[in-house]
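*Asks:* First the structure, then my questions, so here it is.
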Amino acid sequence: MGIPRRTKKFIDSHVQGALARRIIFHWLVFMLVASAAAFVLQALSDPFRDLSAHFKDLWWSQGPFLLVMVFLLPVFVMDAIKLSHRFAGPIFSLRREIRGVAAGEKPRKLKFRQLDFWQDLAEDYNAMLSKLGAFEAETSETVDDAKLIESK
């Protein structure tokens, strides 16, 4: 039986939003620099032509590239959000468990998904709870990362 997939990918708007904004910013800078470089090269190819003719030629030669890049931006952002979920999800779960313990709830073992980053955080958290005697043997309840995230 496989690990259930998370259905909600955007769970930490502060971290994941900052990453998405950064990707959009880098994309815009790249597009501006690439467009400026393409225009300069176009203008240098025949410096005596009118600028409007250079812009027209630039659009016809580089327009398809620009159009493809516009359609790729959402793909880049969604992929970054999906990847960031592999580190935002574990931190989200760890933070939820810490807050629960602080609120007086019974501590539960953490287990992150196989492809999540920071697996050692769950192991360290579980070791800390064991050292503190917070739960008995392996019969204690284990936090199911997917169910917690979906319930929020």
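Bear in mind that the values in this text are calculations on the coordinates, not laboratory data. Treat the numbers as computed from the prediction; the structure is a model and nothing was measured. With ideal geometry, Cβ positions are generated from the backbone for all residues, glycine too; neighbour counts draw on all protein chains shown.
*Asks:* Which far-off residues, 5 or more places away or on another chain, put their amide H under 5 Å from the one on residue 111, with H placed in the peptide plane?
*Replies:* 143, 145
*Asks:* Return the subset of 82/131; 8/109; 9/56 for which the Cα-Cα distance in this structure is over 32 Å, preserving the input order. Intermediate values should be presented prior to the final figure.
*Replies:* On the way: 82/131 34 Å; 8/109 22 Å; 9/56 42 Å.
Too far apart for the 32 Å limit: 82/131; 9/56.
*Asks:* Given labels modelled 7 Å from the Cα in the Cβ direction, how far is it in nm from residue 38 to residue 78?
*Replies:* In this crude spin-label approximation the distance works out to 2.4 nm.
*Asks:* Now for a different question. Rounded to whole Å and ordered largest first, report the semi-axes of the equivalent ellipsoid of the stretch 48-142 derived from its Cα gyration tensor (root of 5λ). Provide the component values of the computation, followed by the final result.
*Replies:* Values: eigenvalues 608, 26, 17 Å².
Ellipsoid half-lengths, sorted descending, are 55, 11, 9 Å.
*Asks:* Once label points are set 7 Å from the Cα along Cα→Cβ at both residue 132 and residue 119, what is their separation, rounded to one decimal in nm?
*Replies:* It is 2.5 nm.
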